[in-house]
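Below is one structure, written out as structure tokens; comments come after it.
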């Protein structure tokens, strides 16, 4: 089921303390950006937040599942995004705390990418 515009507008409003929040439809879900950094995926009424080596342990300690998808050939793909904690959509403080970690992971990934292209 595609993500509703109403849900995305609700989520965008809740995330505004992080910065300029925008979103784009993608593959039946949506990509969420903060100040131009892609930091979250919304699919099937679930928010998945970007993780990296610095934040992955916090997500795994809470048993937060990674975002997975199936390719056209039936292969299961796994991305560096994990589910937001249960109740995060009901609690602004929790949502913002975990989303800040995801924005940090997105920022670190962007810095690494910039360093690779500068060489």
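Every number in this text was worked out from the coordinates using simple rules, so none of it is lab data. Everything quoted here is computed from the prediction, not taken from an experiment.
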Review point. How large is Rg/Rh for region 5-118, to two decimals, with Cα atoms and a Kirkwood Rh?
Key: 0.96
Study note, to complete from the structure: A correct Kirkwood calculation over the Cα atoms of region 53-93 returns a hydrodynamic radius in Å of 11.8 Å
Revision key, fill the gap. So, relative contact order of the chain in percent, Cα under 8 Å, 6 or more apart, is 23 percent
